[in-house]
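A.B. asks: Mind looking over this structure? Questions follow.
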Amino acid sequence: MELSFTTFRINCTHPFGISRSTHDYYDIVYVYLKSEGFVGRGESAPSARYNESTKNIIDILEGGISLPEALTDPIKFSNHVLPQAKSLKALEVALSMAILDLWCQKEGISICEYFGANPEKMPKTSFTISIGDLNLIPEKISEAKPYNILKIKLGIGEKQDKEIMNAIRAETDTLIRVDANEGWDLETGIKMCHWLADQNVEFVEQPFKSTNLKDTAILRKQSPLPLIADENSINSNDIPEIYGIFDGINIKLMKCGNLFEAIKMVKMAREREMKIMLGCMIESSIGITAAAHLSPLVDYADLDGNLLINNDPYSGVTIKNGRLVLPNKSGLGLSLSSKDKNLI
Ligand SMILES: [Mg+2]
């Protein structure tokens with residue numbers, strides 16, 4: 001068995017702006033696990049919000065990862081390998097994806113089947129309109145036509161947020177999910193949730209800083225819209241603390257660190273009757289396809305990271321009538337669509 005890795009720069013179709021940052025590109029890391037003619041693939045899309053970087057990840061990989069001799073059990077194999085990511089969750093999940101991709105290809109089953117999810121129940125995904133030049137909104141809305149649900153990034157202040165919403169509503173009346181990315185204070189959050197409730201908005205994600213659960217609890221009592229935790233929902237340890245304060249959680253593989261942990265979050269949220277969204281970073285089709293295999297288990301999918309870049313080197317999950325469609329192959333079901341010699 002052989003582990004290899006490479007960095008790759010994914011370029012955003014439009015500068016990707018949220019309340020705290022804007023990016024033209026992201027440097028990601030691909031991890032490959034080769035054995036018996038199969039290649040298991042994983043993707044690491046680190047986020048500065050969680051103090052992770054491509055350099056941290058490469059440093060650990062260059063230091064060497066010890067692998068068991070054979071992949072005879074993906075859980076035992078994961079228990080040996082994943083702690084070597086030293087709690088860098090974006091690296092841990094790349095290794096987790098690669099292990100399960102390899103295992104499921106050998107077994108001739110999809111990752112979706114491995115986790116007992118029903119591929120007949122794939123959800124629709126939202127498509128994100130990031131913060132940026134208001135003049136680009138008609139073009140962005142036109143690009144979003146294949147998708148039935150929009151995710152709108154807000155959180156830069158009441159006046160600007162209303163300008164963004166008004167510019168979008170001038171173009172479309174489709175269902176909207178709002179993500180404030182921790183950008184509001186209590187007064188703005190209360191005003192915006194009431195104002196958005198008349199705008200065909202389904203819910204509001206992460207209104208306040210993750211450290212401000214006190215105001216989140218106050219807002220939840222007054223908000224006509226459900227509140228979904230993202231920066232407050234990193235892994236399963238967070239769920240007991242935010243239960244009763246948020247209506248639901250946003251699970252992202254890059255935050256929670258491995259696919260088994262994501263499944264644990266689904267189970268814990270279900271036990272508490274919390275809503276579940278499956279989200280993503282800006283990622284290519286390896287990471288998005290891995291999440292898509294779990295998407296029949298959740299209420300909302302926000303798996304559009306690969307749709308917001310213009311040089312995705314892989315193909316995997318696709319979209320039909322706004323709905324995610326898994327590839328009809330074992331493992332993650334990926335194909336390499338780039339001629340880049342560093343990629344496999
Ligand atoms: Mg979010």
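The values are calculated or read from the model by the stated rules, or taken from the named source; none is laboratory data. Because the structure is a prediction, the values reported are computed rather than measured. As a convention, Cβ positions derive from the backbone with ideal geometry for all residues, glycine included, and neighbour counts pool all protein chains shown.
A.B. asks: Just the residues that are in contact (Cβ under 8 Å) with a residue 60 or more places away in the chain and among the charged types (D, E, K, R), please, taken from region 140-149.
C.D. replies: Of all residues in region 140-149, those in contact (Cβ under 8 Å) with a residue 60 or more places away in the chain come to 140, 143, 146-149.
Selection gives LYS140, GLU143.
A.B. asks: Quick check: anything in region 166-180 within 22 Å of PHE16 (Cα to Cα), assigned to a helix (DSSP H, G or I) and under 25 Å from the mean Cα position of the chain (by Cα)? Quick ask: steps written out before the conclusion?
C.D. replies: Initially, region 166-180 is screened for residues within 22 Å of PHE16 (Cα to Cα), giving 166-172, 174-180.
Of the ones still in play, those that are also assigned to a helix (DSSP H, G or I) are 166-169.
This time we only want the ones that are under 25 Å from the mean Cα position of the chain (by Cα), so: 168.
Looking for residues that are within 22 Å of PHE16 (Cα to Cα), assigned to a helix (DSSP H, G or I) and under 25 Å from the mean Cα position of the chain (by Cα), one finds at least one in region 166-180, hence yes.
A.B. asks: Same structure again: Find the residue count for region 178-201, including only residues that are within 15 Å of the ligand (Cβ to nearest atom) and out of contact with any Ser or Thr (no Cβ under 9 Å at 6 or more places or on another chain).
C.D. replies: Count: 2.
A.B. asks: So, one more: Output the residue which, of all residues in region 3-32 that are of a type in the set (D, E, K, R) and touching a strand residue (DSSP E or B) at 6+ places or on another chain (Cβ under 9 Å), is surrounded by the fewest Cβ atoms within 10 Å (Cβ to Cβ).
C.D. replies: Step one: of region 3-32, the residues of a type in the set (D, E, K, R) are 9, 20, 24, 27.
Add one more test, that the residue is touching a strand residue (DSSP E or B) at 6+ places or on another chain (Cβ under 9 Å), and what stays is 9, 24, 27.
On the way: ARG9: 12, ASP24: 10, ASP27: 16.
Looking at the filtered set, the residue picked out is ASP24.
A.B. asks: Quick one: which residue in ALA217, ALA292 is more than 16 Å from the ligand (Cβ to nearest atom), surrounded by 16 or more Cβ atoms within 10 Å (Cβ to Cβ) and not in a loop (DSSP other than H, G, I, E, B)?
C.D. replies: On the way: ALA217 fails: surrounded by 16 or more Cβ atoms within 10 Å (Cβ to Cβ).
Criteria check complete, one pass: ALA292.
A.B. asks: When only residues in region 38-80 that are of a type in the set (Asp, Glu) and part of a helix (DSSP H, G or I) count, which is surrounded by the most Cβ atoms within 10 Å (Cβ to Cβ)? Let's see the steps before the verdict.
C.D. replies: Taking region 38-80 and keeping what is of a type in the set (Asp, Glu), we get 43, 52, 59, 62, 69, 73.
Still in the running and part of a helix (DSSP H, G or I): 59, 62.
Values: ASP59: 13, GLU62: 9.
Filtering region 38-80 for residues that are of a type in the set (Asp, Glu) and part of a helix (DSSP H, G or I), the one surrounded by the most Cβ atoms within 10 Å (Cβ to Cβ) comes out as ASP59.
A.B. asks: Give just the number: which of (1) under 21 Å from ILE131 (Cβ atoms); (2) of a type in the set (Ser, Thr, Tyr); (3) within 16 Å of the ligand (Cβ to nearest atom) does THR174 not satisfy?
C.D. replies: (3) is the only condition that THR174 fails.
A.B. asks: Next up: For the subset of region 104-147 comprising residues that are more than 24 Å from LEU278 (Cβ to Cβ) and assigned to a loop (DSSP other than H, G, I, E, B), which member is farthest from the chain's Cα centre (by Cα)?
C.D. replies: GLY108
A.B. asks: Let me ask something else. Go through region 109-159 and give me each residue that's within 17 Å of ASP299 (Cβ to Cβ) and surrounded by fewer than 16 Cβ atoms within 10 Å (Cβ to Cβ).
C.D. replies: ASN118, GLU120, LYS121, ASN148, listed by residue number.
A.B. asks: Select, from ILE152, ILE137, the only residue that is touching a Lys or Arg at 6+ places or on another chain (Cβ under 8 Å) and free of Cβ contacts under 8 Å to residues at least 60 places away in the same chain.
C.D. replies: On the way: ILE137 fails: touching a Lys or Arg at 6+ places or on another chain (Cβ under 8 Å).
Selected residue: ILE152, the only one of ILE152, ILE137 that is touching a Lys or Arg at 6+ places or on another chain (Cβ under 8 Å) and free of Cβ contacts under 8 Å to residues at least 60 places away in the same chain.
A.B. asks: Suppose the filter is surrounded by 22 or more Cβ atoms within 10 Å (Cβ to Cβ), within 15 Å of VAL325 (Cα to Cα) and either aliphatic (A, V, I, L, M) or within 16 Å of the ligand (Cβ to nearest atom) (or both); does ALA269 pass it? Talk me through it step by step, then tell me what you get.
C.D. replies: Values: surrounded by 22 or more Cβ atoms within 10 Å (Cβ to Cβ): yes; within 15 Å of VAL325 (Cα to Cα): no; either aliphatic (A, V, I, L, M) or within 16 Å of the ligand (Cβ to nearest atom) (or both): yes.
For ALA269, the condition - surrounded by 22 or more Cβ atoms within 10 Å (Cβ to Cβ), within 15 Å of VAL325 (Cα to Cα) and either aliphatic (A, V, I, L, M) or within 16 Å of the ligand (Cβ to nearest atom) (or both) - is not met.
A.B. asks: Is there a residue in region 56-72 that is of a type in the set (Gly, Ala, Ser) and at pLDDT below 95? Let's see the steps before the verdict.
C.D. replies: Looking only at region 56-72, we keep the residues that are of a type in the set (Gly, Ala, Ser), and these are 63-64, 66, 70.
Within this subset, residues satisfying the condition of being at pLDDT below 95 are 70.
Within region 56-72, one or more residues are of a type in the set (Gly, Ala, Ser) and at pLDDT below 95.
A.B. asks: Let me ask another. Pick from region 220-245 the residues that are of a type in the set (Val, Ile, Thr) and within 19 Å of VAL93 (Cβ to Cβ): which of them is nearest to the ligand (Cβ to nearest atom)? Even if it seems obvious, please write down each step before you answer.
C.D. replies: Looking only at region 220-245, we keep the residues that are of a type in the set (Val, Ile, Thr), and these are 228, 234, 239, 242, 245.
If we keep only those that are within 19 Å of VAL93 (Cβ to Cβ) as well, we get 234, 239.
Values: ILE234: 12, ILE239: 17 Å.
Among residues in region 220-245 that are of a type in the set (Val, Ile, Thr) and within 19 Å of VAL93 (Cβ to Cβ), the one nearest to the ligand (Cβ to nearest atom) is ILE234.
A.B. asks: Tell me the residue from ASP299, ASP304 that is within 16 Å of the ligand (Cβ to nearest atom), more than 21 Å from LEU100 (Cβ to Cβ) and in contact with a Phe, Trp or Tyr (Cβ under 6 Å, 6 or more places away or on another chain), please. Step through it out loud before you land on a result.
C.D. replies: Working: ASP299 fails: in contact with a Phe, Trp or Tyr (Cβ under 6 Å, 6 or more places away or on another chain).
When all the criteria are applied, what remains is ASP304.
A.B. asks: Continuing with the same structure: Between GLU163, GLU92, GLU182, which is surrounded by fewer than 19 Cβ atoms within 10 Å (Cβ to Cβ), at pLDDT 95 or above and of a type outside the set (Val, Ile, Thr)?
C.D. replies: Working: GLU92 fails: surrounded by fewer than 19 Cβ atoms within 10 Å (Cβ to Cβ); GLU182 fails: surrounded by fewer than 19 Cβ atoms within 10 Å (Cβ to Cβ).
Checking each option against the conditions leaves just GLU163.
A.B. asks: Oh, and also: Looking at region 30-57, I want the residues that are free of Cβ contacts under 8 Å to residues at least 12 places away in the same chain and have a partner that is surrounded by 20 or more Cβ atoms within 10 Å (Cβ to Cβ) with Cβ atoms under 8 Å, at least 6 apart or on another chain. Which pairs are those?
C.D. replies: The qualifying pairs are SER53/PRO46.
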